[in-house]
Amino acid sequence: MNPLSDPLSVVFILSSLMSVIAAVLIVHHKSIVYSAFFLSVLGVGNAILFTLLGFPIIALFHLSVYVGAAVTFILFSVVMLKEAPVVEPPVKALAVIAAGVLALIMVKIFSVFSAEPSFLLNYRDLTALLVTKYWFALIVAAIALVTTLIEAITLARREV
Amino acid sequence: METSCYLFVSSILFAIGIYGLLTRRNMIRMLLSAEIIFNAALLAFLSLASLDAGYGPVGGAIVVIAISLSAAEVGVIVSIAIMMFRMRRALDVYELKKFRG
């Protein structure tokens, strides 16, 4: 069957390409501000993939908390900073080899899972789990987010 | 699409993140590369969680907590980077050695 005849496959291919191209641009773009912007593009691509997997609530959470808050925080902060030099070319060649070998190993391991995902996350199941089984982790996450808020306020109030 | 396709995309993202982490010395660029790895890990985690209806909600709950903690972690690292820039006028991680007590 031609994968282009299925609309979901087309969406998968487009969002995957978007994510991978955004990831390459994050690493290679000259401007650090644009790199931070492409991180938000990667977040949007990933959110589409989460929806295709049957996790639309997680996708919305990813968009609102990760893309909407974390990446925007980086984007506004990097405006205050400047670039530092990159490592020498020999290390770069070694990094390309390391990343390639790692990708091959992961593809080999993951090729075992060939099933089709047929799952849709239920909002009630998720909230029930969060407030019963994972309540402590939820409190820790909330406290961690409050500390970030305090950091942001401290940074904003301090004179440069 | 089969789960292996999602895992393949995750592997590619992971490799790009590792490459960025190994080749950059700028603290913010290293953070951005680490965030690519984080996104790859989330995708792999949810791909595997979607295989079984019993594990799906558990995977979702863990990912929600992971995203919240990642937002907090970004705040901490960016704050350290800004502090470092104010003190040294540089973001080179090699300069971090000079911050030792």
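The values are calculated or read from the model by the stated rules, or taken from the named source; none is laboratory data. Here the structure is a predicted model, which means the values were calculated and not measured. A quick note on method: Cβ atoms are made from the backbone with ideal geometry, for glycine too, and the neighbour counts reach across all protein chains shown. Remember, those area values only see protein heavy atoms, side chains included, never the ligands or the DNA or RNA. Shrake-Rupley method; radii C 1.70, N 1.55, O 1.52, S 1.80 Å.
Inter-chain Cβ neighbour count for B:25-37, averaged per residue, equals 6 (cutoff 10 Å, partner chain atoms only). Report the paramagnetic label zone for A:ILE97: residues of region B:1-22 whose backbone N is under 16 Å from a point 7 Å from Cα along the Cα-to-Cβ axis. Under cut-off, by backbone N: B:19, B:22.
Seen against the Cα atoms of chain B and their longest principal axis, helix B:3-23 is set at about 10 degrees. Shape of region B:30-84 from its Cα gyration tensor (a ≥ b ≥ c, root eigenvalues): rounded if a/c is under 1.5, otherwise prolate when a/b > b/c, or oblate? Here region B:30-84 falls in the oblate category. Helix B:56-88: angle to the longest alpha-carbon principal axis of chain B, degrees 0 to 90, nearest 10? The helix B:56-88 is inclined about 10 degrees to chain B. In this structure A:LYS108 has an accessible area near 150 Å², from a 1.4 Å probe over the protein heavy atoms. Given a 1.4 Å probe and the protein chains as shown, A:SER40 ends up with an accessible area of around 20 Å². Of the complete DSSP H runs in chain A, those spanning 20 angstrom or more by Cα along the long axis with a mean Kyte-Doolittle score not below 0.5 are A:7-28, A:32-53, A:89-110, A:135-157. Averaged over peptide A:4-15, the number of partner chain Cβ atoms lying within 10 Å of each residue's Cβ comes to 1.
Full extension of the chain segment joining A:VAL79 with A:ASP6 gains 22.0 nm, where the gain is 0.36 nm per residue of separation less the Cα-Cα distance. Between the alpha-carbon centres of region B:23-101 and region A:21-37 there is a gap of 16 Å.
An oblate overall shape is assigned to chain A, the ratio a/c of its alpha-carbon gyration tensor axes (a ≥ b ≥ c) being 1.5 or greater and a/b not exceeding b/c.
If you run the Gaussian network model on chain A, springs between alpha carbon atoms under 10 Å, then out of A:ALA141, A:ALA98, A:ALA23 the most flexible one is A:ALA98.
For the protein assembly as shown, carbon and sulfur atoms together expose 73% of the accessible surface, with a 1.4 angstrom probe and every protein chain in place.
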